[in-house]
Amino acid sequence: MVQNTHIYTVTEFIRALDIQLSGNTYVLRGEVSSFKVSKNKWIFFDLKDQTSKVSCFCVVSQMRGMALEDGMEIRALGSPGVYAPQGKLTFRVKAVELVGEGELQRVYENIKAKLFAEGIFDESRKKPIPFLPHIIGLITSEDAAAYSDFLKILNNRWGGALVLFAPCGVQGVGAEAEIISAISYFNENPANRVEVIILTRGGGSMEDLQAFNSEALARAIFSSRIPVVVGVGHERDVTLADLAADKRASTPSHAAELLFPERGEFLERVYNEVGAMSGEIARMICVQREEARGACDGLCTAVAQKIARCQAFIAPLMVRYASFQIRLESERKSLHSLQNMLDSKVVQLFSKYAFQIARMEGELAHLNPQAVLKRGYSVSVEVATGRIVRNARTLSRGSLLRTLFARGAAVSEVKHVS
């Protein structure tokens, strides 16, 4: 043993080796074998060529809807590592893309049929593209010709729009995830106020366009809150992203043309339309003026005739009304005279009856027993019967009497009757 050399346990050695290896990223190309899914969560397979193979694993969600099977040739992006319990070299896959036109076409047709059945490509579910948008979200590669082509056509045709650029890869392993992330960014940041998303790139082979033919990207475009325009390469290139988009542009330049008309042509068309509308409005005004004049003349004649008929009907009524007014005035004077007579009679009767009432009040006051009592007289009532005593002989010894005075009363007992 070498002196002063650190001695590792097996676990420490594997952990150190795993750390060293996992810090590097590689893209491997090979054929899939021994493919299997565990617990609907983990995917295990071998990637091999003519002389070697390496064990691979990844999470189901990292496949983004891609269905692998034995015999497929793929490119896998990932990092190497060591599986500690067995000390076995493994490759931790982060993203996968297919290799080979035939296999890509087969997968393309399968996904296309699946998404078509779900209505992802249904025209009735596509969102309208805004006319002359102020803010545009652009997703493409910064180094791609599509980037410069789009901006050139945009500025030449109209200009003034704000373009928010989300640079990302448009082909190769990992491009799909970058594009989906850019779409999510524009949708999840409403403060940007993006009105339309442009996803574009140049043309290419089936293998080059693999990211644009992924199921996950098609679903991300379909689910976007913001309308998406996809422009890929040339007219012949129709990807799943094109079919899922709210609007398909045949090229990056065409994508700009869909958003903005050529300013000069547009203004000329507007001027022509305004001129045509002005002429039509002037013509309509003349027609309406003549129709209004004719209608007004007819209306005036009809009104004059109506007034004449009304005057002929009202004239005798006015004569009758004047006669009625004279008669009404005469009746009013008669009524006023009667009113004066009535008022005089009422005063006389009131004075007569007031005198009679005063006289009877005096007589009543004179006959009031209370007045008699006030003059010194009293009234005795037999307590037992309540009868007024008018004759002393009706009383007997021991009878109780209640005697009323002008003020108060007294009870007494009969001792002697005479």
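Results, tabulated for the structure shown:
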{"read-out": "Residue match in the range 50-71 (condition: touching a Gly at 6+ places or on another chain (Cβ under 7 Å), of a type outside the set (A, V, I, L, M, F, W, C), assigned to a strand (DSSP E or B) and surrounded by fewer than 19 Cβ atoms within 10 Å (Cβ to Cβ))", "value": "no"}
{"read-out": "Within the range 128-151, considering residues that are out of contact with any strand residue (DSSP E or B) (no Cβ under 8 Å at 6 or more places or on another chain) and free of Cβ contacts under 8 Å to residues at least 60 places away in the same chain, the one surrounded by the fewest Cβ atoms within 10 Å (Cβ to Cβ)", "value": "PHE131"}
{"read-out": "Count of the range 217-269 residues which are of a type in the set (Lys, Arg), more than 21 Å from ALA117 (Cβ to Cβ) and in contact (Cβ under 8 Å) with a residue 40 or more places away in the chain", "value": "2"}
{"read-out": "Residue in the range 15-33 that is over 30 Å from ALA67 (Cα atoms), in a helix (DSSP H, G or I) and of a type in the set (Asp, Glu) present", "value": "no"}
{"read-out": "Count - residues of the range 172-186 that are out of contact with any Leu (no Cβ under 7 Å at 6 or more places or on another chain) and crowded, with 18+ Cβ neighbours inside 10 Å", "value": "6"}
{"read-out": "Pairs, first over 21 Å from LYS374 (Cβ atoms) and free of Cβ contacts under 8 Å to residues at least 40 places away in the same chain in the range 402-414, second charged (D, E, K, R) and not in a strand (DSSP E or B), C-beta under 9 Å, six or more apart", "value": "GLU413/ARG397; VAL414/ARG397"}
{"read-out": "Lone qualifier among ALA211, ALA216 - being surrounded by fewer than 20 Cβ atoms within 10 Å (Cβ to Cβ), at pLDDT below 95 and in contact with an Asp or Glu (Cβ under 7 Å, 6 or more places away or on another chain)", "value": "ALA216"}
{"read-out": "Hits in the range 350-392 (condition: touching a strand residue (DSSP E or B) at 6+ places or on another chain (Cβ under 9 Å), without any contact (Cβ under 8 Å) to a residue 24 or more places away in the chain and assigned to a helix (DSSP H, G or I))", "value": "PRO369, VAL372"}
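Residue-wise test of (1) small (Gly, Ala, Ser); (2) closer than 25 Å to LYS152 by Cβ; (3) at pLDDT below 90; (4) outside any helix (DSSP H, G or I).
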site: ILE180; (1), (2), (3), (4): no, no, no, no
site: PHE186; (1), (2), (3), (4): no, yes, no, no
site: ALA220; (1), (2), (3), (4): yes, no, no, no
site: TYR271; (1), (2), (3), (4): no, no, yes, no
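The values are calculated or read from the model by the stated rules, or taken from the named source; none is laboratory data. All of these numbers come straight from a predicted model, not from anything done at the bench. Virtual Cβ from ideal backbone geometry, glycine too; neighbours counted across all protein chains shown.
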